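Everything below concerns the one structure shown next.
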Amino acid sequence: MIGIFIKNRRQELNISQKQLSENLNISIQRLNNFENESRIPSLIMLGDLSKYLNFDINNITPLYPEGKGL
């Protein structure tokens, strides 16, 4: 669910995967893995995403899969 949230928020702000990945200094593939929920962003990466996509990290922690929380 966290990946869907990241993808939706990015699209709401009209930011491309390329723009976001460049600003976060990660590959498009890594970002795509987050958005497709193949991988879960680390706490540090989640913090970076929250700053760039302007959301409160505390509001999305319930979206982390059980047992894989922060």
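The values are calculated or read from the model by the stated rules, or taken from the named source; none is laboratory data. Because the structure is predicted, anything quoted here is derived from the model rather than measured. Side chains included, ligands, DNA and RNA excluded: accessible areas come from the protein's heavy atoms. Shrake-Rupley method; radii C 1.70, N 1.55, O 1.52, S 1.80 Å.
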A chain fully extended from Ile57 to Arg30 at 0.36 nm per residue, minus the present Cα-Cα distance, gains in nm 7.8 nm
Over the chain, with neighbouring protein chains present, the accessible area per residue in Å² at probe 1.4 Å is 64
